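Can you read through this structure? Questions will come right after.
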Amino acid sequence: MAKDFGRLLLMLLILPLFTQAKQFKTPEKALAEIYPNAQIEVKNIVLSKEQQEEVQRLSGVKLDTRLVSWYLVKRGKEVIAYAYVDTHVVRTKPEVVLYTITPEGRLDVVEVLAFQEPLEYMPEEEWLKVFKGKELAPGTLRHRRDIPNITGSTITARAITDNARKVLAIWQVLFGGER
């Protein structure tokens with residue numbers, strides 16, 4: 001009886017580890033894995049009020065801050081990718097997502113770096129791959145139209161999709177002319 005109670009107690013203590021939030025990797029580590037042998041440069045930029053309004057117009061998503069930090073991924077002097085780490089609230093807890101963008105303005109990799117909601121709501125890698133090659137154009141990157149829903153995780157799917165548009169809009173406003 002005491003042995004069974006001990007096992008039950010151990011299970012009850014371990015179970016929350018599998019259902020709770022999870023911290024994954026740093027942006028720098030993720031970028032080093034995605035783009036081996038590349039140099040990472042961080043660029044902090046303060047958007048003008050006009051730029052902030054343009055981002056919101058292009059994306060249809062509210063931009064809460066004018067300070068944005070971008071990672072420029074370089075090989076030599078050439079920028080091979082741009083990366084942005086977006087932190088947003090899903091339901092009631094934060095989610096941190098890394099979006100990488102090609103020099104042509106297309107999404108390359110979308111990766112969840114931190115997820116504070118129960119893990120059953122976290123998107124799978126296969127679903128995140130549907131963003132590859134997507135760009136910001138009128139009427140694109142819409143949840144349930146261009147990007148499939150995740151059954152049981154609609155709020156997460158909508159948040160990642162909406163913020164993909166926002167990140168692409170920030171990229172377009174800041175770097176779209178530098179090709």
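If you wrap a convex hull around the C-alpha atoms of the range 22-177 and split its volume per residue, what is the figure in Å³? Present the calculation step by step, with values, prior to reporting the outcome.
On the way: hull volume 16.6 nm³, N = 156.
In the range 22-177, the Cα hull volume divided by residue count equals 106 Å³.
Follow-up question, since we're still on this one. Let me know the shape class of the range 71-135, please: from the alpha-carbon gyration tensor, a ≥ b ≥ c as square roots of the eigenvalues, rounded when a/c is under 1.5, otherwise prolate if a/b is greater than b/c, or oblate. If you can, show how the numbers build up before the last one.
Values: a/c = 2.93, a/b = 1.93, b/c = 1.52.
Verdict is prolate for the range 71-135.
Let me ask something else. Could the peptides 166-176, 127-137 be put in order, highest first, of the mean number of other beta-carbon atoms found within 10 Å of their residues?
Values: 166-176: 22.2, 127-137: 15.5.
The most tightly packed comes first, giving 166-176, 127-137.
Taking the highest mean first, how do the peptides 46-58, 73-85 order by number of other beta carbon atoms within 10 angstrom per residue?
On the way: 46-58: 14.6, 73-85: 16.7.
Sorting 46-58, 73-85 by mean packing, highest first, produces 73-85, 46-58.
Next up: Quote the charge dipole size of the range 96-179 about the Cα centre in Debye, to the nearest 20; the model charges only the Cβ of Lys and Arg (+1) and of Asp and Glu (-1).
Working: 11 positive and 12 negative charges, 82 e Å.
Roughly 400 debye, rounded to the nearest 20.
For the range 57-69, what does the Karplus curve 6.51 cos²θ - 1.76 cosθ + 1.60, with θ = phi - 60°, yield as ³J(HN,Hα) per residue in whole Hz, taken in order and with x for Gly and Pro?
5, 5, 9, x, 10, 5, 9, 6, 9, 9, 8, 10, 10
Only the coordinates and a few stated rules stand behind these numbers; no lab work does. Bear in mind that the values here come from a model prediction, so they are computed numbers and not experimental data. Quick reminder, even Gly has a Cβ in these numbers, built from the backbone with ideal geometry, and neighbours come from all protein chains shown.
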